[in-house]
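Heads up, the thing below is written out as structure tokens.
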Amino acid sequence: MAKWGMVIDLDKCTGCQACTTACAMENNTLPGESWQDVLYYHEGTYPSAQMKWLPRPCMQCENPSCVHVCPTRATYKDMDAGGIVFVDWDKCIGCKYCMIACPYGVRFYADEKPLLEPDLREIFPSSNGQLWSPPYQNPEQDWKRGIGIQPPGVVSKCTFCYHKVSKAPAGTVDLDEDIAEVKEYVPACVRTCPPKARFFGDLDQPTSQVNQLIGDKHGVRLKDHTGNKPQVYYLGAGAGVPAFEPKPRS
Amino acid sequence: MNQQNILKGPAGLGLLVLSAIVLVASFGYAFMSLSSQGHASFNTSSTLPWGQPIATYLYFALASSGLGMIASLPLVFGFKQFYPVVKRAIFLAFVILISGMAVLAMELGHVFRMIWVIPFNLQIQSAMFWMGVFYVADLIFLLWKLQKLENGEWDSKTSKQVGIGSFLAVLLASGNLALIFGMMSMRPFWFDGLLPIYFYLTAVASGLAALVFFTYLANGFSRDNMSASLQGLLDGALPKFFAAVLGGTLLFIAVRAITGLYTNNPEIYVVWRDYLFASSTYQASLWIGIVLPFVLMMMASVRTSTGTQVLVSILVFAGLFAERFFFVVGGQVVPLFKGTWEWSLIQYTPSATEWSLTLMGSALLFTLYVLGERMLNLSAEPPVTVGQASTSGGVAAHA
Ligand code: SF4
Ligand code: SF4
């Protein structure tokens, strides 16, 4: 089985949020439930102040702290699915311990105050046990893997678009939107990225594009000191999260 | 000696009715808002998922553990002067834990699912799995111990064994509860291997506050209604023990604050500087809720008076509740991974629904407690202590 990995080249990323939008469309997430987001940072001060940004999906960690803490095994790492970390919505009790334990802040409890008004959940009230039911939604549903629109009271997160990736022909090494045969199976964020800053493929295959990029361009994992060992690597200058720094007190 | 339990009379009935009304009203309010708005009726969010209901649960669970530990003083360690409060301590530990669990149940996304998924999936890697195991064991032992005392078995071999089992369950339950927070290295404000010790100390402090308050309540806030051995305890060992435990708590808060403020890690020092110490509520809870009671309990001339003891118990009640709140929320106020993207700490104030859950837990506690006072004899003591105390006129402190 493959071990799916993602590479994000920050020298190419323009911070356009196309990935964020594509993810929200593909997975019918609510505003604020950003399985994929681009975060903007400033670093340093004049005259060397920098503006930087970082696209951030779930890192699908090799050693996922969210899985370790989940008391119900609702959150699990599926080695038969390329090592993707899923949430089983039939098992999740909504204790939110996984959200405490994920160092990357990429888990969502959408049963919360709406980020924007009007509240989409009121406009498209729930049916079929979903938290909300928009008229156009991705037909792919798999609650055992946290795919689709979640029921209330559970945690959701990025699935590396498993509903697409899992349909790739066996033995696929690179899921690249420029390869016509596999284009449909590429995760939405990767496929949509205009400057082609994102790559997806099998980390277990020495010849895969992702491995070559990581090796040649000095790929790093964010917050590596946590020991979570992400399956998402970053290339290019500025692959790091500046420390929290409160606003200077006036 | 004029032993009376005022809760067995009309005052108890009044309190029972009042707490039952508050219970029904607060539960009704929480239930209505949860069923109409779901957890959107809380002010928690994906960036700050654990709020006041979790802090309330933590507060109740630890007060229960503290009471369990206090009950072990006579039953396991032979500090016989604590016999006069042991039955009430065990009963209170039981009802406080039930009240905490009720609050937690309303906080979870799917509480009934928990009943089957946790035992069927046996995720032994999760501290939260062990929390379930240890607190259920704790509840069973508390009930068993209570039943032994109901049967008048104060000193039998099995009651000793049950006492030891119960003590271990309490240590495991509250120590593990500490590790739920203390093992989270990605939350540096909490990450601390010694957190179980801090939880033990504060657990006993809140347990003592509950015990003192409810003992006085049962006796109509009058020493004259108490047995000689109970008076002896309140004049001797108990206030000294209370002082020692509050002193230990303060020491712990001080070392945590000093290391926290000293470190360069913004996820720790900013929390201490800009969240805890910048809050007047936190300052008040620390100085009035912990430091002042400590000082009062250290003063030999005032610590034995009824007024001081009741005041201290109420202050510590409130002080430690705030301590739990700031502990739980403080671990989450620095936005994870957001770095300089966020300018400030995450703002959180509990919503009306969250407050109603805190109120519901407290009202449930009062209701169950008054029922217990009316149906059981929580002032029971082994006959021998009554005799001893009346002949010796009080017992020396062993705190
Ligand atoms: S990034 Fe967070 S949610 Fe994703 S696998 Fe790692 S710990 Fe779990
Ligand atoms: S919220 Fe759900 S997935 Fe997360 S730890 Fe709790 S049970 Fe597991």
**Q.** Distance between modelled label sites at residue B:21 and residue B:302, nm, 7 Å Cα→Cβ extension
**A.** 3.5
Q. Could you list log10 I(q)/I(0) for the range B:212-332 at q = 0.19 Å⁻¹, which the Debye formula gives when each Cα is one point scatterer?
A. -0.97
**Q.** Net charge, residue B:59 excluded, C-beta distance under 11 Å - Lys, Arg +1, Asp, Glu -1
**A.** 0
Q.
Restricting things to Cα coordinates, could you compute the convex hull volume per residue of the range A:195-250 in Å³?
A. 117
Q.
Among B:328, B:112, B:9, which residue has its Cα furthest toward the positive end of the charge dipole of the range B:6-385, with +1 on Lys/Arg Cβ and -1 on Asp/Glu Cβ?
A. B:9
Q | Helix-only [θ]222 nm of chain B, DSSP H runs n ≥ 4, -39500 (n - 2.57) each, per residue, nearest 500 | A | -23500 deg cm²/dmol
Q: Treating only the Cβ atoms of Lys and Arg (+1) and Asp and Glu (-1) as charged, compute the dipole magnitude of the protein assembly as shown about its Cα centre; round to the nearest 20 debye.
A: 1400
Q: Calculate the spin-label point distance for residue A:144 paired with residue A:40, positioning each point 7 Å from the Cα along the beta-carbon direction, and give it in nanometres.
A: 4.3
Q.
What whole-number distance in Å separates the alpha-carbon centres of the range B:47-113 and the range A:126-174?
A. 40
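Using unit Cβ charges (K, R positive; D, E negative) and no other charged atoms, how large, in debye to the nearest 20, is the dipole of the range A:4-235 about its Cα centre?
460
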(Q) With a cut-off of 8 Å between alpha carbons and a minimum separation of six or more residues, what is the relative contact order of chain A in percent? (A) 28
Q) Across chain B, how many lysine pairs, 8 or more apart or on two chains, come within less than 24 Å at their alpha-carbon atoms? A) 17
(Q) Over the range A:94-249, how many pairs of lysines fall under 21 Å by alpha carbon, counting only those 8 or more apart in sequence or from different chains? (A) 16
Q) Along the charge dipole of chain B, Cβ charges K/R +1 and D/E -1, which of B:137, B:366, B:84 sits furthest on the positive end? A) B:84
Q.
Counting only Cα atoms, I'd like the Rg/Rh figure for the protein assembly as shown, Kirkwood definition for Rh.
A. 1.04
**Q.** Magnitude of the charge dipole, chain B, Cβ model with Lys/Arg +1 and Asp/Glu -1, debye to 20
**A.** 400
**Q.** Cα-based equivalent ellipsoid of the range A:4-235: semi-axis lengths in Å, sorted from largest, via gyration tensor
**A.** 27, 21, 19
Q | Enclosed volume per residue, in Å³, of the convex hull spanned by Cα atoms of chain B | A | 138
Q. The range B:205-228 to the range B:312-374: how many Å between their Cα centroids?
A. 25
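For chain B, what relative contact order do you get, as a whole percent, if you take Cα pairs closer than 8 Å and at least 6 residues apart?
Dividing the mean separation by the residue count of chain B yields 33 percent.
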Q: Can you tell me what the convex hull of the Cα atoms of the range B:19-82 projects to on average, as an area in nm²?
A: 6.8
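Every number here is computed from the coordinates shown, using simple stated rules; none is lab data. What you are looking at is a predicted structure, and each value in this text was computed from that prediction instead of being measured. Here the Cβ is made from the backbone with ideal geometry for all residues, glycine too, and neighbour counts use every protein chain on show.
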